[in-house]
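A.B. asks: The structure under discussion is supplied below as structure tokens; questions concerning it will follow.
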Amino acid sequence: MPGDTVIRAEALTKRYGSKLAVDHVDLEVAAGEIVGILGPNGSGKTTTILMLLGLTEPTSGRAMVAGFDPLRDPLEVKRRVGYLPDQIGFYENMSARDNLAYTARLAGLTRREIDERFTAALDRVGLSEVGDSRVTTYSQGMRQRLGLAEVLMKRPSVAVLDEPTTALDPHSTAEFLDMIRGLKAEGTAVLLSSHHLDQVQSVCDRVALFHNGRLALSGTVTELAAEVLGGGHVIDVEAHGGDLPKLLAAIPGVVRVQALGGDRYRVDCQSDLRGDIARRLAPKVDLVGIYFAAPSLNEVYARYFAEARDAVA
Amino acid sequence: MRSLRRRGGSPWTGLGTVVAKETADHLSSARMRILEALLFLTAIAAAYAAIRQIRATIGESPFLFLRLLTMAQDPLPSFISLLGFLIPLVAIALAFDAVNGEFNRRTLSRVLAQPIYRDALLLGKFLAGLLSLTIGLLSLWLLVIGLGLLLLGLPPSSEEMVRMLGFLVATIAYGGVWLALALLFSVLFRAPATAALAALGTWLMFSLFWSVITPIVTSLIAGPAEGVLGPNLRFLQVQQIIDRLSPNTLYAETTLALLNPSTRALGPVLVTLSEARSMVPAPLPVTQSFVLIWPQLTGLVATTILIFAIAYILFQRQEIRA
């Protein structure tokens, strides 16, 4: 249910000395959309986020977040944006309630709003039992949930989550991703930066891939796969005997063949060639199976950066 | 383009919240309690010793109450010199980890992601420190006056009250200088221990070594202290200037002039014999004492503002991400 554009960055650039940390990044996010931000460490993800939040001044370029310019009206932007930093910290000697009440007061909420929203938010992240304990007693995963509760309390129109699932166990991660989907359902636009590609793929509508400060690719996972893998379709073939790679490569429409180990091969093709492959291979080899493999973000990512490295070398 | 840019919203949004939270932190912290215990015990001991001395020796003096603060009795120093020594310590302890602490706890980006400017955070931290210091000093001040009332059995005159109030204000201003300095170091150094050491080093330099450094530097600039025709006037002048670069000197001169009404001038006095004869040998009225310390007091406040401004600029330029 994407709606109006809530984040728009135009040629956003940040220069530290002679190093370009972010280089002319254009980005658009609509309300109720989850956009995953990917890229190696130091590729400009966090700097872009900080510029969108008005926490760092861009060297050049413009941004519009929730209808305001973060450079000109940072307070209006920050009132509407919830931010979960990658390394989150709390005042250890204060209770979770006091910690969140402090930031909520800074955000301009009244005492009554704070009480109501705190209870609701803690309930949603599953911490209502320990809301009055001091944060010292919290595990890293609980802190991350508490950080999300802080974002929820603000009822933001944009939520920026910087590597929120880094310290979570698989079960909590699944819960966390559900909470992110909940934000989307409420019409909140979510920017999710993460290194866990399968998580990003499972939750995000679109993906933006950063590389050396540039926005290298953006679109849905299928679009990226079409661009990087050559075709949008990936087929796994398992068979015994014969020179399988050579046979497969000879089929028209096959872009790439890759050995997966054993007698398994992965074939990137421009269209769904399962029928062709079956017809061509069946007389020559002992066919075990042909599987349709959805393009995985992991693969797109690995391939993109392998090619980027080759291009440099 | 940047010069035309005007930020929307008030820079003071959230200031009250920051001050309230930080003050509550200070007042409930173990660090503050230890320091206040130290300050209260030593200062009250000094005042008590002075009271006993006053009762034993002096029958009548127009400024008995003020002597309570200025009189030293072995082995204790006077109340004011004790304060002059300990106030910087308290102020440094209140602020040395103000900003870098937020960095290290990783709370800074969370707090600054709220709709406030950095101005409110830094000023709020400074004001909260000043408020905590004021609360401590005010209670100490009242305690000493109460002690004097009980043990001396006579109330302070209105003139004495005005002078003591002036002394309280000067002490807070003096604390402000050290608070601002500690805050500056907390912006400058990422490690709180480094910031504390730097601030304590500055404190030691001014409180212990400044009197050693001053004559050396002075003789480098103005030549030997004793000229052919007697004391070298230029030496004295330069020495005074360098001496007054230290906030401790400014504070000591302020308290001296305020609490010792017979102080007529600060620094060397050059008068002819006839002029000296025509001077009235009486204590100065309050207003004149205030005129005398006005430059010192302004100097303390100005130093505070200057140091805070430097800290402010550095903090504005700092990147949030660690």
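The values are calculated or read from the model by the stated rules, or taken from the named source; none is laboratory data. For clarity, every value in this text was computed on a predicted model and none was experimentally measured. So basically every Cβ, Gly included, is an ideal-geometry build from the backbone, and we count neighbours across all protein chains shown.
A.B. asks: What number of residues in segment B:104-160 are among the aliphatic types (A, V, I, L, M) and without any contact (Cβ under 8 Å) to a residue 12 or more places away in the chain?
C.D. replies: 5
A.B. asks: In this structure, does B:A30 turn out to be touching a residue at least 12 places away in the same chain (Cβ under 8 Å) and either of a type outside the set (F, W, Y) or more than 10 Å from every other protein chain (Cβ to nearest Cβ) (or both)?
C.D. replies: So B:A30 fails the test.
A.B. asks: If you don't mind, there's one more thing I want to ask. So A:A225 ticks every box in (1) touching a residue at least 60 places away in the same chain (Cβ under 8 Å); (2) farther than 20 Å from A:R206 by Cβ; (3) not acidic (D, E) but one. Which box is left unticked?
C.D. replies: (2)
A.B. asks: A follow-up question, please. What strands (runs of 3 or more DSSP E) lie completely within segment A:220-313 and have 1 or more residues being over 27 Å from A:L209 (Cβ atoms) and modelled with pLDDT of 85 or more?
C.D. replies: A:233-240, A:264-269, A:286-293
A.B. asks: For A:G54, indicate whether it is within 14 Å of another protein chain (Cβ to nearest Cβ), of a type in the set (G, A, S) and surrounded by fewer than 18 Cβ atoms within 10 Å (Cβ to Cβ).
C.D. replies: Answer is no for this residue.
A.B. asks: Spot the failing condition for B:F40; the list is (1) surrounded by fewer than 17 Cβ atoms within 10 Å (Cβ to Cβ); (2) without any contact (Cβ under 8 Å) to a residue 40 or more places away in the chain, and only one is missed.
C.D. replies: (2)
A.B. asks: Exactly one condition in (1) under 24 Å from the mean Cα position of the chain (by Cα); (2) in a loop (DSSP other than H, G, I, E, B) is false for A:D132; which is it?
C.D. replies: Unmet condition: (1).
A.B. asks: Considering only segment B:135-165, state which residues are among the small types (G, A, S), surrounded by fewer than 14 Cβ atoms within 10 Å (Cβ to Cβ) and at pLDDT below 90.
C.D. replies: The one that is among the small types (G, A, S), surrounded by fewer than 14 Cβ atoms within 10 Å (Cβ to Cβ) and at pLDDT below 90: B:G153.
A.B. asks: Can you name the residue in segment A:57-74 that is without any contact (Cβ under 8 Å) to a residue 60 or more places away in the chain and buried (at least 23 other Cβ atoms within 10 Å of the Cβ) and, of all such residues, is farthest from the chain's Cα centre (by Cα)?
C.D. replies: The qualifying residue farthest from the chain's Cα centre (by Cα) is A:P74.
A.B. asks: Considering only segment B:66-134, give the helices (runs of 4 or more DSSP H) lying wholly within it that have at least 1 residues that are within 13 Å of chain A (Cβ to nearest Cβ) and either of a type outside the set (D, E) or crowded, with 24+ Cβ neighbours inside 10 Å (or both).
C.D. replies: Counting at least 1 such residues, we get B:98-105, B:108-112.
A.B. asks: Limited to segment B:176-212, what total is found for residues that are over 21 Å from B:R105 (Cα atoms), free of Cβ contacts under 8 Å to residues at least 24 places away in the same chain and not small (G, A, S)?
C.D. replies: Result for segment B:176-212: 6.
A.B. asks: Please enumerate the residues belonging to segment B:226-239 that are among the hydrophobic types (A, V, I, L, M, F, W, C) and surrounded by fewer than 14 Cβ atoms within 10 Å (Cβ to Cβ).
C.D. replies: Matches in segment B:226-239: B:V228, B:L229, B:L233.
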